[in-house]
Amino acid sequence: MIELRDVYKRLGSRQILAGMTLSVAKGMNFVLMGPSGSGKSVTLKHIIGILRPDQGSVTVDGQEVSTMDRGQLMTLRKRMGYLFQNGALINWLSVADNVALPLQEHARLPKSERDDRVQQVLKLVKLDHASAQFPPSISGGMKLRAGLARALVTNPEYVLYDEPNAGLDPIISRQIHELIAEVRDNLGVTGLIVTHSRACAVQCGDRIGILDQGKLGLQGTVDEMVHSDHPLARDFLGGGAD
Ligand SMILES: Nc1ncnc2c1ncn2[C@@H]1O[C@H](COP(=O)(O)OP(=O)(O)OP(=O)(O)O)[C@@H](O)[C@H]1O
Ligand SMILES: [Mg+2]
């Protein structure tokens, strides 16, 4: 379980998080929405310990992240995949080498086992045919799949998804959402998904929370949220939202 309790964080001259409280139960996908610049990515960065709160606590399975040392953070990051916007692949490494990166950082696996694991996870995201290609020559949807494979290669218990469908057409987006739902259902991965997309929230979320003025202004199950007439729910999930 991921828990933020009463987190405050100031960056530069702005108070970004102010009393942010959030909990993501095991085995579910929690969708975090909110305006641009409201602190969604900042929230994810607290969970993997890139940022530390000024005040409040951030725990994963009861362990406080904000006070972890380098070694403890490395151990935590083995258990937590991170899908960056647009996949954030390295252009001069092949798809397979990009996917293998976290294994080199974390585990001293023999090369043959490493290759097997990479192929396994590429197959899972239906990209095994493209393992030798380089990022500049593959489509946006394929980049995201490769990013997802990289997030999954260490067999994490948690995956943080930062805008997994940004810039993708509705058909490719839907495939990515299905994949995210499968990762939950078949691998038992707990997910925290940042998105602006109503379709993403509905297709792969269990709960939805909306960040407003530094904290969750509203949260509930997908069903509660899409039927809510709260102004925040209407803004982000209402008829006009995509
Ligand atoms: N390391 C940093 N130093 C200073 N300011 C930062 C830093 N990281 C983020 N910010 C600021 O914090 C605010 C929140 O950023 P964040 O990236 O979390 O927004 P977001 O909700 O993810 O927005 P978007 O939907 O556009 O991705 C922004 O104003 C951003 O400029
Ligand atoms: Mg962001």
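The values are calculated or read from the model by the stated rules, or taken from the named source; none is laboratory data. The model shown is predicted, which means the values in this text are computed figures rather than measured ones. Every residue, glycine among them, receives a Cβ derived from its backbone with ideal geometry; neighbour counts consider all protein chains shown. These area figures cover heavy atoms from the full protein model, side chains too; ligands, DNA and RNA do not enter into them. Shrake-Rupley method; radii C 1.70, N 1.55, O 1.52, S 1.80 Å.
Quick notes on this structure:
- With eigenvalues of the C-alpha gyration tensor scaled by 5 and rooted, segment 88-222, Å: 28, 17, 13
- Springs between Cα atoms under 10 Å define the GNM used for the chain, and in it the highest mean-square fluctuation of Asn165, Asn98, Asn186 occurs at Asn186.
- In Hz, Karplus ³J(HN,Hα) per residue of segment 214-219 (6.51, -1.76, 1.60; θ = phi - 60°; x = Gly, Pro): x, 8, 6, x, 6, 8
- Ratio of Rg to Rh for segment 1-55: 0.95 [Cα atoms; Kirkwood radius as inverse mean 1/r over pairs].
- Percentage of interatomic Cα-Cα distances in segment 150-189 larger than 15 Å: 42
- Nonpolar atom fraction for the chain, defined as the carbon and sulfur part of the 1.4 Å probe accessible area, stands at 49 percent.
- For a label point 7 Å along the Cα-to-beta-carbon line of Asp54, residues of segment 199-230 with backbone N under 20 Å: 211-217
- Using a cutoff of 8 angstrom between alpha carbon atoms and counting only pairs six or more residues apart, the relative contact order for the chain works out to 26 percent.
- Gyration tensor (Cα) of the chain, equivalent ellipsoid semi-axes in angstrom: 29, 22, 15
- Shape of segment 23-72, Cα gyration tensor, a/c cut at 1.5: oblate
- Accessible area per residue, Å², the chain with all protein chains present, probe 1.4 Å: 46
- Under-5 Å amide H pairs with Leu83, H placed in peptide plane, nonlocal only: Leu160, Tyr161, Asp162
- Ratio of Rg to Rh over segment 1-129 (Cα coordinates, Kirkwood Rh, two decimals): 1.02
- Protection proxy ranking of 149-159, 82-92, by the mean of other Cβ atoms within 10 Å over each peptide's residues and highest first, is 149-159, 82-92.
- Over segment 88-155, the hull volume per residue, using the convex hull of the C-alpha atoms, is 76 Å³.
- Vicinal HN-Hα couplings computed from phi for segment 66-77 (Karplus, 6.51 cos²θ - 1.76 cosθ + 1.60; Hz; Gly/Pro x): 5, 10, 5, 8, 3, x, 5, 5, 4, 5, 4, 5
- Distance histogram in 10 Å bins (all Cα pairs of segment 171-229, percent per bin): 22, 51, 25, 2
- When only Cα pairs below 8 angstrom with a gap of at least 6 residues are kept, segment 88-155 shows a relative contact order of 51 percent.
- Amide H to amide H, with H built 1.01 Å from N, Gln55 comes under 5 Å of Tyr8, counting only residues 5 or more places away or on other chains.
- The length gained on full extension between Leu93 and Ser13, counted as 0.36 nm times the residue separation minus their Cα-Cα distance, comes to 25.0 nm.
- Cut-off 20 Å, label 7 Å out along Cα→Cβ of Asp169, residues of segment 124-153 by amide N: 126-127, 136-146
- Helix axis angle, 95-106 relative to the chain longest principal axis, alpha carbon, degrees: 70
- Here the Karplus relation 6.51 cos²θ - 1.76 cosθ + 1.60, evaluated at θ = phi - 60°, turns the backbone of segment 114-125 into coupling constants of 4, 4, 4, 5, 5, 5, 4, 6, 5, 5, 4, 8 Hz, with x for every Gly and Pro.
- Between Val189 and Arg184, the built amide H atoms are under 5 Å apart, and every one of these is 5 or more places off in sequence or on another chain.
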